[in-house]
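Working notes, beginning with the structure itself.
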Amino acid sequence: MSINWKEYQANFFYDELINENGNPRLPAKRLAGYLQSLNQNELQRRQQLADTAIQDMGITFTVYTEEGNIDRSWPFDIIPRPISAKQWAVTADGLKQRLKALNLFIDDLYHDQKIIKDGIVPREIIENSANFRKECIGISPPHNVWAHICGTDLVRDGDGEFYVLEDNLRVPSGVSYMLENRSITKRVLPELFEQGNILPVSDYTNQLFNTLSDLAPHTDKPEIVILTPGIYNSAYFEHAFLAQQMGVELVEGSDLSVGKNGYVYMKTISGFEKVDVIYRRIDDLFLDPKVFNKDSVLGVPGLMKAWQSGKVAMANAPGAGVADDKVVYAYVPQIIKYYLGEDPIISNVETFLCSDKKQREYVIKNIAKLVIKPANESGGYGMLVGPHSTKKEQSEFIELIKKNPRNYVGQPTLSLSTAPTLVGADKLEPRHLDLRPFVLQGANSYVTTGGLTRVAMKKGSLVVNSSQGGGSKDTWIVDAEAK
Amino acid sequence: MLSRVAERIYWTSRYLQRVESSARLVNVYTNLLMDLPKDINISWFNLVTLNNAEDEYETRYKIKDERNVVKFILADDTNPSSLLVSLSMVRENLRTTRDVMPENAWELINELTAFANQSIKDGGLNRGKRHEFLTQVINQCQLMQGYIASTLSHDEVWDMWCIGRHLECADMTTRILDAGANLLLAQDYKEKSHVPLVVWGNVLRSSGADHAYRRNVAASVKGTKVANFLIADPHFPRSVHYCINSMEDAVKRLPKGRKIMSLIQSLGITKESPEIINELDYQLSNYCNDLQLKLDQLHNIFTLNWFSVK
């Protein structure tokens, strides 16, 4: 038996493939038809094929548990998530606009702070920000860009529009999985790529390489390295993958040292070699034990000074995380308007700041229907999904909010869009998902073709993080108008 | 190339060679026993002795029989020199050097690791399935060697790879030779003159050298000739002489390589024509033991020169 889309129930949510009448949406037309032509054994066989490919390709991610770190196979659902190229073009412009404004904002914060003086953003939120680094004041990195690589989380609400859920400007991960998901899908559903209207994603590593090269304008062949915390980091797979794809060295802190002349060197079999650009995948506070966390063995003593004096470039620049804060997030529409004089192309999700008395009272009163997020966490940790929480959890969160209002924001619980997902052996059911595109900014701007789609594998769940049982799908930007 | 990466490439290569050698040894040994008369008392435990792993073995097993020895050498994940452990070391080292290795190497090692673990679970150690299992492992190792030789740039990474591979191979060849000689010294086979023939034939096969020997030396297999072939043949890629020469070439190509040449030469293993073995007694044993110690010293020279940059 094969799939009958008329029986597929998206339950009032916006479904990415099937509209409310049970018909495929335009970009999903060929896909839905093709899936219908497969019987259920075949569907199951393709999923097994994907699982084997993931094992052979060694695509894993690391989960931290009490028993130590476990390497898990990357969770992947074979049904792709198609998006129309027309809609994506607008979204991509919106993402570039957003990162451009955020970079101007960060640069302003570390120089004249005009936006504060003009009363657009209150001084307190910067002064109380966990990610504002006084060591960065007065520094001007190349192109005045601080966040070169940004992972922006988008969600589609009931109205079918994309909204920005959060900006990740510190060390966003996931892009390797976006690329690997496409490799797997090409192996598993090769027939669908015959038509050629699914846009390729493989350009990313090339673009990333160019972005990084542009940070060292004085050399033709800059020495670029990726600085990883090492194999115990949850994203180690990605660090190694990107190094391999770009043909650059993957280094750990102990491979680097800062010379007497203030430049950064790596220890090679020929001796010490100068490093020009560091794509660091280590948090600010572990970068340099001389400046930040004294016990850090992941970092390189003297690295901050080398960066401050322009002897080495770093992406993302230290201190960029100041804009990666859920409270700052609430001001992004004003930030875009202030620096660019434009209206935001992609909207924010409505956000209530607990630092504001009125908004805090609203959040506490309505906690059962809101999502409460800490301002500076990532990975989906430390948040409360109101409608899925107990009374006890809610009152615990109210206490947390009262104790540290600056650190919490509230947002309405969104009706995240869904897509058909293989459940059990051969059943397709709707599951909620989000999308993380990656945005680059250096001398030029670039947005990935689509991004990483993450799926909440549990029925009704809204938590898509792979560290918490989420899965993933290949994301297709489909040129549906193409002949 | 980073020092840390160089060290890991060197070890990846050594461990991959070790995986193949373990598979060959057990495969050949299984065949050897089929060709020997019942009353010739050749013990499986020789395979343990050959790797100087007696202590490791005795803390784990009481009985020195085929089942335990095969398990110890191939599948025991607490034995640091077992095939499965070597395989996981190849994978772990490759995982941390993916930036310098060709993409498919990673995929090949994942496949091989999954295959080996699954086969062992499915009874691949039992005599009925062992040959098929080990042959497959050997083929996969060769596939990986071939893949790397033909797609990795023959630059520093390749030179480091060659050093590890040849060093490990030279070491293993001496161990196999030594084991063959000891096996015969311990037996009274005068009545059964075909025994040495069987043993030396299998020594050659362990190194994949039977065909090369036949073409280059003689059709008849004789102990001293086999020993000299495996030690001194200038063309056979697993002979000690060939391995050491190739290693020396790779050392010279590497940065700071010429600096350590005099140190290496002082070990006296890179002579134009190596020692000729006349007797298969203590002379061979001494030669093998001495060479193994020198290879250890060589490893220390490499570490100081390349792996621990201060």
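What order do B:24, A:182 take when sorted by accessible area (1.4 Å probe), most exposed first?
Working: B:24 40, A:182 10 Å².
The ordering from most to least exposed comes out as B:24, A:182.
Which one, B:102, A:388, A:297, is farthest towards the positive end of the dipole of the protein assembly as shown when Lys and Arg carry +1 and Asp and Glu -1 on their Cβ?
Going by the charge dipole, the pick is A:388.
Accessible area, 1.4 Å probe, largest first: how do B:78, A:91 sort?
Largest to smallest exposure gives the sequence B:78, A:91.
Sort B:235, B:211 by accessible area with a 1.4 Å probe, largest first.
These residues rank, largest area first, as B:235, B:211.
Less than 16 Å from a label point 7 Å out along the Cα-to-Cβ axis of residue B:60: which backbone N atoms in segment B:7-30 qualify, by residue?
B:19, B:22-23, B:26
Mind scanning A:337/A:373; A:134/A:337; B:64/B:222; A:96/A:473; A:260/A:311; B:38/B:192 and naming the pairs with a C-alpha gap bigger than 18 Å?
A:337/A:373; A:134/A:337; B:64/B:222; A:96/A:473
In the full protein assembly as shown, how much of residue A:6 is accessible to a 1.4 Å probe, in Å² to the nearest 10?
Near enough 120 Å² of accessible area.
Give a quick list of GluC sites (Glu not before Pro) in segment A:51-157 that DSSP marks as loop, anything other than H, G, I, E or B, with at most 15 other Cβ atoms within 10 Å.
Details: sites: A:66, A:67, A:124, A:127, A:135; in loops: A:66, A:67.
Of the GluC sites (Glu not before Pro), the ones in loops of segment A:51-157 whose Cβ has at most 15 other Cβ atoms within 10 Å are A:66, A:67.
Output the relative contact order of segment A:394-483, whole-number percent, from Cα pairs under 8 angstrom with separation of 6+ residues.
18
Out of residues 5 or more away from residue A:413 or on other chains, whose amide H comes under 5 Å of its own, with H placed 1.01 Å from N in the peptide plane?
For residue A:413, whose amide H was placed from the backbone, the distant partners under 5 Å are A:371.
Can you give the average number of partner chain beta-carbon atoms within 10 Å of each beta-carbon in peptide A:55-68, as a whole number?
2
On a straight-distance basis, which aspartates and glutamates could pair with residue A:458 in a cross-link, Cα separation under 17 angstrom, same-chain partners fewer than 8 positions away excluded?
Within the straight-line cut-off, residue A:458 pairs with A:15, A:77, A:426, A:429, A:434.
Residue by residue through segment B:291-299, what is 3J(HN,Hα) from phi via Karplus (6.51 cos²θ - 1.76 cosθ + 1.60, θ = phi - 60°)? Round to whole Hz and write x for glycine and proline.
5, 4, 5, 5, 5, 4, 5, 4, 4
For segment B:50-207, what ratio Rg/Rh do Cα atoms give with a Kirkwood hydrodynamic radius?
On the Cα set of segment B:50-207, Rg over Rh gives 1.01.
Put a dot 7 Å past each Cα toward the Cβ at residue A:459 and residue B:265; how far apart are the dots in nm?
7.8
Which FRET efficiency value, to the nearest 0.05, is calculated for residue B:145 and residue A:52 with the Förster distance at 25 angstrom and r the Cβ-Cβ distance?
Numbers: r = 24 Å, r/R0 = 0.96.
The pair residue B:145/residue A:52 has a calculated efficiency of 0.55.
³J(HN,Hα) across segment A:185-194 via Karplus (A = 6.51, B = -1.76, C = 1.60, θ = phi - 60°), whole Hz, x for Gly/Pro?
4, 5, 6, 8, 10, x, 4, 6, 8, 5
Straight-line reach from residue A:357: which lysines have Cα under 16 Å away, leaving out those fewer than 8 places along the same chain?
Answer for residue A:357, where 16 Å is the Cα cut-off: A:365, A:402, A:403, listed by chain and number.
Which three extents, in whole angstrom, do the alpha-carbon atoms of the protein assembly as shown cover along their principal axes, largest first?
Taking max minus min along each principal axis of the Cα atoms, the protein assembly as shown gives 102, 71, 56 Å.
Within 10 Å of each Cβ in peptide B:94-105, how many partner chain Cβ atoms are there on average? Round it to a whole number, please.
Average per residue, whole number: 5.
By how many nm would the segment from residue B:211 to residue B:297 grow when fully extended, if each residue of separation counts as 0.36 nm and the alpha-carbon distance is taken off?
Details: separation 86, 0.36 × 86 = 30.96 nm, distance 3.26 nm.
My answer for the length gained is 27.7 nm.
Through the Karplus equation 6.51 cos²θ - 1.76 cosθ + 1.60, θ set to phi - 60°, convert the phi angles of segment B:103-115 into ³J(HN,Hα) values in whole Hz; use x for Gly and Pro.
Karplus values, whole Hz, x for Gly and Pro: 3, 5, 4, 5, 5, 4, 6, 4, 5, 5, 4, 4, 4.
Are there GluC sites (Glu not before Pro) in segment A:1-43 that DSSP marks as loop and that have at most 11 other Cβ atoms within 10 Å, and which are they?
Within segment A:1-43, the qualifying GluC sites (Glu not before Pro) (loop, at most 11 other Cβ atoms within 10 Å) are A:20.
How many nm is it between the label spots at residue A:130 and residue B:279, if each spot is 7 Å from the Cα in line with the beta carbon?
In this crude spin-label approximation the distance works out to 7.7 nm.
If you take the square roots of the eigenvalues of the alpha-carbon gyration tensor of segment B:195-247 and sort them as a ≥ b ≥ c, do you get rounded (a/c under 1.5), prolate (a/b over b/c) or oblate?
It is prolate, given that a/c is not under 1.5 and a/b is the larger ratio.
Under 5 Å between amide hydrogens, which residues at least 5 positions from residue A:15 or on another chain qualify, with H placed 1.01 Å from N in the peptide plane?
A:418
Counting only residues 5 or more places away or on other chains, whose amide H sits under 5 Å from the amide H of residue A:168 once H atoms are built in the peptide plane?
Distant-sequence amide H within range of residue A:168: A:151, A:152, A:153.
Which value at 222 nm does chain A reach when only helices count, each DSSP H run of 4 or more adding -39,500 (n - 2.57), with the total divided by all residues and rounded to the nearest 500 deg cm²/dmol? Let's see the in-between values first.
Working: 13 runs with 137 residues, N = 483.
Calculated from helices alone, the mean residue ellipticity at 222 nm is -8500 deg cm²/dmol.
Of all trypsin sites (Lys or Arg not before Pro) in segment A:120-152, which ones are in loop regions per DSSP and have a Cβ with at most 15 other Cβ atoms within 10 Å?
On the way: sites: A:123, A:133, A:134; in loops: A:133.
Listed in order of number, the matching sites amount to none.
Give, to the nearest whole percent, the P(r) tail of segment B:1-95 beyond 15 angstrom, counting all Cα pairs.
Cα-Cα pairs in segment B:1-95 separated by more than 15 Å: 63 percent.
When only C-alpha pairs under 8 Å and at least 6 residues apart count, what is the relative contact order of chain B, in percent?
Relative CO of chain B lands at 23 percent.
Take every DSSP beta bridge with both residues inside the protein assembly as shown and express the antiparallel ones as a percent of the total, to the nearest 5.
75
Could you work out the longest stretch of chain B that avoids the GluC sites (Glu not before Pro) located in DSSP loops with at most 13 other Cβ atoms within 10 Å?
Working: sites that count: B:191, B:272, B:279.
Here the longest run is B:1-190.
Under 23 Å between alpha carbons, and skipping anything fewer than 8 positions from residue B:252 in its own chain: which lysines qualify?
A:267, B:271, B:294, B:310
Nearest 0.05, what FRET efficiency do residue A:309 and residue A:117 give at R0 = 41 Å with Cβ-Cβ as r?
0.90
The values are calculated or read from the model by the stated rules, or taken from the named source; none is laboratory data. Here the structure is a predicted model, which is why all the values come from computation and not from measurement. Positions of Cβ are backbone-derived with ideal geometry, glycine not excepted, and every protein chain shown enters the neighbour counts. Note: areas computed on protein heavy atoms with side chains; ligands, DNA, RNA excluded. Shrake-Rupley method; radii C 1.70, N 1.55, O 1.52, S 1.80 Å.
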